[in-house]
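Notes for the one structure printed next.
Only the coordinates and a few stated rules stand behind these numbers; no lab work does. Source: prediction; values computed, not measured. Positions of Cβ are backbone-derived with ideal geometry, glycine not excepted, and every protein chain shown enters the neighbour counts.
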Amino acid sequence: MTEPKADIALIGLAVMGQNLILNMDSKGFVVCAYNRTVEKVDHFLANEAKGTKIIGAKSLEDMVQKLKKPRKVMLLVKAGSAVDAFVNKLVPLLDKGDIIIDGGNSQYTDTQRWCKELSPTGILYIGMGVSGGEDGARYGPSLMPGGHPEAWPAVKPIFQAICAKANDEPCCDWVGEGGAGHFVKMVHNGIEYGDMQLISEAYHLMKDVLNLEQSEIAKVFTEWNKGELDSFLIEITSDILKFKDSDNQYLLPKIRDAAGQKGTGKWTVISSLEYGVPVTLIGEAVFARCLSSLKDERVRASKILSKSAINFDGNKTEFIENLRKALYASKVISYAQGFMLLREAAEVNNWHLNYGSIALMWRGGCIIRSAFLGNIKEAFTKNPALSNLLLDPYFSKQVSASQMSLRHVVAQAALSGVPAPTFSAALAFYDGYRSEVLPANLLQAQRDYFGAHTYELLTKPGEYVHTNWTGHGGNVSASTYTN
C-alpha cells in the first residue's frame, strides 16, 4: 500500500467534475479522480490533467486508500439513484469521521435522509449546491454546503479556496444542518428560472409589441447590462441575439420554442406549496416552460383562437424604459418570494440560515453580478429579522418607484395579446402583499357555507366559529385547519 496523499477525491468526470478537479489542483490540493468508467480516468489524466498533481483511481477501494484522513469524497453524479448507489458502496469503505459530499442537484429531502441514515455510523454527510456552470467550476463557483456541521472544518479550507470571491469575500459558507445547502441551491435555481422567463418576456414584448429588429433588441440588452440589471443572463441574452449561423442569418429564430427543464424549478414550486409560501413568479416561470412544450397544440390553437387587434401606438423609447424598470422590480419581487420560502423552511426544519451570507453565495452563482445582491446582503445584515425584502427601506423605495412601469408593461402585454406570466405574477403579488384587506373573508364564508370549515371574526381573532347559513343546516363544524 502506498502512503495516502490525496486531500480529496471526486467521483464523476463530466464537464463540471473535471473542471472542479482542475480548480482544486490549481489551488494546491491533491485530488484523486475516479469515474465508474475507468477509461475516462485514464483519458482525463493523459489529456486535461496532464502535467498536474492529480492522481487517478482504478476502483473505489483504490480511491479510498489514496485519501488522507479524514477521507473526503465528493460526488458529482446524477441526482437520485446514482447518488444513492455510490453512497451505499462507499459506506463500507469509510470510517467514522470520514466525509461524503454530494455536489449534484439533489433534492434536499434526499440529503436530509442521508444525514439521518449515516448519523449512527459516524460518517459525515454534506449536501452542497454548486453554481456557476462550466466556467465557474474551473475558476470559481458559488458553493452552498449543508449537512453534518462537524464536517465543515475539514472541507472549509478547500471549498473557500476554490469558490468565487466577491469583494475578496468567499462565495461559500456553511448554510445549515440537514438539507439546508441543497434547499438554498434549489431556491437559487428557481429564481434563475424566473429571471430567464422575465428576460424572455421582455424580448417577446420588444419583438412582437414594439416590432423591433433583432439587432435593436440586442442593443437594448447590451445597454441594460451596463446598469442595475447587470448580470450573466442579460449579458448572454445580448450575445445570443447577436449570434449568426453559418448562413449569416440569426440563429435564435431557428430554435424550436419548446423549453426543457431538469427539475429544480419544479421542486421549488412544490416546496412553496408544501410550506404554504406564495412563490408565484417562479411558479409561472415553470408553467410557462410547460406551456411552451405544447408546441404542436399551440400551432393548431393559433389557427382557431382569435388574437388581439390592438396595435401599440405609444412611444417606443418610453416603453423600453418602462420595461427596464418593470424587469428590475420583478426581479426584486422574485428574490423577495425566494427569501420568504427560505425563511419558512428554516423555521420548520430548525435551520439557522444567514440570509446575508446566502446573498453573497448567490452573487457568485451567475444569476446577477451587479450591486443587487450586495444590497440584499446589506439589507439582511442591517436587519437579520427582516421578514420580507420588500419591507427593507432601500428595496421598498426601488420597487415603489418602478411599480407604475410594471403596470404599464402588464397592461400593454394584455392589450396586445402577448403573454407575460411572470411580469403579471410580480404585479399581482405586489398588489396582494401591499393590500391591508383581501377578499379572503368571502373565501372563508364560502368554505364555511358548503363545508362548515369555520372562520374567525375580526373582533375575536383565534376563535373559530361556524354559521348555519341556510337555516336548515346543522351546528356541527368540521375540524379547523388553515392550509
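Data overview
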| read-out | value |
| --- | --- |
| His204 versus Ile270: modelled label distance in nm, points set 7 Å from Cα along the beta carbon direction | 2.5 |
| Charge sum, other residues only, whose C-beta stays under 15 Å from Val465's C-beta, Lys/Arg counted +1 and Asp/Glu -1 | -1 |
| Sparse-neighbourhood loop sites, GluC sites (Glu not before Pro) in the stretch 95-152 - DSSP loop, at most 16 other Cβ within 10 angstrom | none |
| Entries in Lys165/Lys254; Lys116/Lys262; Lys254/Lys303; Lys242/Lys262; Lys96/Lys156; Lys185/Lys207 that, when Cα-Cα distance is taken, lie over 29 Å | Lys165/Lys254; Lys185/Lys207 |
| For Ile101, residues with placed amide H under 5 Å, excluding near neighbours | Val73, Met74, Leu75, Ile126 |
| Karplus (6.51, -1.76, 1.60) ³J(HN,Hα), θ = phi - 60°, over the stretch 451-457, in Hz, Gly and Pro reported as x | x, 6, 7, 6, 7, 9, 8 |
| Stretch in the chain that is longest and holds no chymotrypsin sites (Phe, Trp or Tyr not before Pro) that DSSP places in a loop and that have at most 13 other beta carbons within 10 Å | 1-242 |
| Cα-derived Rg over Rh, computed across the stretch 264-349 with Rh taken as Kirkwood radius | 1.12 |
| Cα gyration tensor shape for the stretch 165-273, rounded if a/c is under 1.5, else prolate or oblate | prolate |
| From phi via Karplus (6.51, -1.76, 1.60), per-residue ³J(HN,Hα) for the stretch 247-260 in Hz, x at Gly/Pro | 8, 6, 9, 4, 6, 3, x, 8, 7, 5, 7, 9, 7, x |
| Within the chain, helix-based [θ] at 222 nm, where runs of 4 or more DSSP H residues each add -39,500 (n - 2.57), nearest 500 | -16500 deg cm²/dmol |
| Three-way shape label, the stretch 223-289, alpha-carbon gyration tensor, a/c 1.5 | oblate |
| Option label - percent of Cα pairs over 32 Å apart computed here, alternatives (1) 57; (2) 38; (3) 49 | (3) |
